[in-house]
1. If a residue has to be touching an Asp or Glu at 6+ places or on another chain (Cβ under 9 Å) and at pLDDT 80 or above to count, how many in the stretch 124-134 make the cut?
2. Here is a list: Arg96, Arg23, Arg67. Which entry is at pLDDT below 85 and either at negative phi or in contact with a helix residue (DSSP H, G or I) (Cβ under 9 Å, 6 or more places away or on another chain) (or both)?
3. When the residues of the stretch 175-194 are narrowed to those that are modelled with pLDDT of 95 or more and touching a Phe, Trp or Tyr at 6+ places or on another chain (Cβ under 8 Å), which ends up surrounded by the fewest Cβ atoms within 10 Å (Cβ to Cβ)?
4. Contact list please: Cβ distance under 8 Å, first residue in the stretch 173-199 and outside the structural domain of Arg96 (by TED's automatic domain parsing), second residue surrounded by 15 or more Cβ atoms within 10 Å (Cβ to Cβ), pairs at least six apart or on different chains.
5. If Arg99 satisfies every condition in (1) farther than 21 Å from Gly150 by Cβ; (2) in contact (Cβ under 8 Å) with a residue 12 or more places away in the chain; (3) basic (Lys, Arg) but one, which is the exception?
6. Consider Ile140 against the criteria (1) of a type in the set (A, V, I, L, M); (2) loosely packed, with under 15 Cβ neighbours inside 10 Å; (3) within 30 Å of Phe35 (Cα to Cα): it satisfies all of them except one. Which criterion is unmet?
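The values are calculated or read from the model by the stated rules, or taken from the named source; none is laboratory data. Remember, predicted model here, so these are calculated numbers, not experimental data. Because the Cβ atoms are built from the backbone with ideal geometry, glycine has one as well, and the counts that use them run over all protein chains shown.
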Amino acid sequence: MTNSPQRGADRPGARGTDRSLARRAELIVIGRKLFADTSYDALSMDDIAKQAHVAKGLIYYYFRSKRGYYLAIVEDSVAELISRAASGLELPPEERVHRTIDGYLRYAEHNQAAYRTIISGGVGFDAEVLAIRDGVREAIVETIAEGAYGRPKVGPLPRTALLGWLCSVEGATLDWIDHRGLPRDLMRELLVKMLGGTMRAIEELDVSYPAPQAARRTT
């Protein structure tokens, strides 16, 4: 994941007090809600300051610009999701896959605005926002690959296949949080079975990447 040029905006917290760190975090929480309901272009810094009930200069102090503020919000939103994906290294592969997908769905369920920000962005084809989203995808693909094949870095075919599965997961999850037609446990099992099908297809096309036994049981 690339670092945004606005990371320097963290300096007030780095040299300041716990209060300044808490204030910055509070502004990010407020920003998540604002950008979830209104497009990036539709919000001016005056609008943001008014709705956040702060002086505009405070936002500039912490984030330098509206763009810096937005990127900080997106980066903060992905931190928990990546942490969930990377956890459970001590678990058996099958259990780890279930935990990863369940954690992913729980995050989307309980952080719907943040999840939509991560997946859908909100500032058009912004290269840095897309890089942040791609970083999330890469982290999750590597987590699944390590659980399935014992290593996070795999060849082009399995990587492309797993990325395709993940993109379908994103679309299905967005639909799920909008309509909630399935309980989370059933949704998780559906995604696990879809992953099993993807891994069997990988093995058929490249025998050097055999599907785990758990994937063979999802037929």
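1. Taking the stretch 124-134 and keeping what is touching an Asp or Glu at 6+ places or on another chain (Cβ under 9 Å), we get 124, 132.
Now narrow it down to the ones that are at pLDDT 80 or above: 132.
Total meeting the criteria: 1.
2. Arg96
3. So, considering only residues that are modelled with pLDDT of 95 or more and touching a Phe, Trp or Tyr at 6+ places or on another chain (Cβ under 8 Å), the one surrounded by the fewest Cβ atoms within 10 Å (Cβ to Cβ) is Met194.
4. Filtered contacts from the stretch 173-199: no entries.
5. Only one criterion in (1) farther than 21 Å from Gly150 by Cβ; (2) in contact (Cβ under 8 Å) with a residue 12 or more places away in the chain; (3) basic (Lys, Arg) is unmet by Arg99, namely (1).
6. Against the list (1) of a type in the set (A, V, I, L, M); (2) loosely packed, with under 15 Cβ neighbours inside 10 Å; (3) within 30 Å of Phe35 (Cα to Cα), Ile140 comes up short only on (2).
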